[in-house]
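The structure under discussion appears below in the form of structure tokens.
Readers should treat all values here as calculations from the given coordinates under stated rules, not as data from a laboratory. Every value quoted in this text rests on a predicted model; they were computed, and no experiment measured them. Here the Cβ is made from the backbone with ideal geometry for all residues, glycine too, and neighbour counts use every protein chain on show.
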Amino acid sequence: MHTHSLVAVVSLLALLVYVWMVLRVGGARRASGIAPPAMIGDPVLERHIRVQANTLEWLPIFLVSLWLFAFYWNDRVAAALGAVWIVGRILFALGYVAEPKKREMGFMIQALAAGVLLFGALGRAIYVAVTVGI
């Protein structure tokens, strides 16, 4: 029986990383003195907001692909790729806030992990649909 507990843990860790990013936006707001709903006026705040928004944009792609990869392929491999995605997002966040040009390595790591999960799940789903019948 597959419990997918490893993928569940990785999913929850990814959400905790997102919460960490949200809290960093709040900290940047306090440090800059810029209250909501304002989004501009301090470059560091703007970078924190962009990191948080970009991660939110990637979360649906990552989470759906993660779970479908685990279902169609392997729980452990999916969890390992998910952990790589998390590391990439953290590197992206830290790099982007420090200097926007430093975001590239983290972005590439997470994009590669997400791409393997997405296209791996898609390829296997197509294979199953074709061999088993739609």
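If you count, for each residue, the other Cβ atoms within 10 Å and average over each peptide, how do 119-129, 11-21 line up from highest to lowest? Don't jump to the answer; show the numbers that get you there.
Numbers: 119-129: 13.9, 11-21: 15.5.
Taking the mean over residues of other Cβ atoms within 10 Å, the ranking is 11-21, 119-129.
Which FRET efficiency, nearest 0.05, do Ser5 and Ala35 yield, Cβ-Cβ r, R0 35 Å? Write down the numbers at each step before the final one.
Numbers: r = 41 Å, r/R0 = 1.18.
E(calc), rounded to 0.05, equals 0.25.
Just from its helices, what would the mean residue ellipticity at 222 nm be for the chain, if runs of 4 or more DSSP H residues each count -39500 (n - 2.57) and the sum is divided by every residue, rounded to the nearest 500 deg cm²/dmol?
Values: 4 runs with 111 residues, N = 134.
Value at 222 nm, helices only: -29500 deg cm²/dmol.
What list of ³J(HN,Hα) values in whole Hz, one per residue of segment 86-91 in order, does the Karplus curve 6.51 cos²θ - 1.76 cosθ + 1.60 (θ = phi - 60°) give from phi, with Gly and Pro shown as x?
In residue order, the calculated couplings are 4, 4, x, 5, 5, 4 Hz.
Would you mind checking the tilt of helix 104-132 against the longest principal axis of the Cα atoms of the chain, expressed as 0 to 90 degrees and rounded to 10?
30 degrees
Could you give the angle, 0 to 90 degrees to the nearest 10, between helix 43-72's Cα long axis and the longest principal axis of the Cα atoms of the chain?
Approximately 10 degrees, to the nearest 10.
Computed FRET efficiency, Cβ-Cβ of Lys102 and Ala80, R0 35 Å: what is it to the nearest 0.05?
Working: r = 25 Å, r/R0 = 0.72.
It comes to 0.90.
For segment 24-134, compute Rh as the Kirkwood radius over C-alpha pairs and then the Stokes-Einstein diffusion coefficient at 25 °C and 0.890 mPa s; write the answer in µm²/s, rounded to an integer. Walk me through the numbers on the way to the answer.
Numbers: Rh = 15.4 Å.
So the translational diffusion coefficient is about 160 µm²/s.
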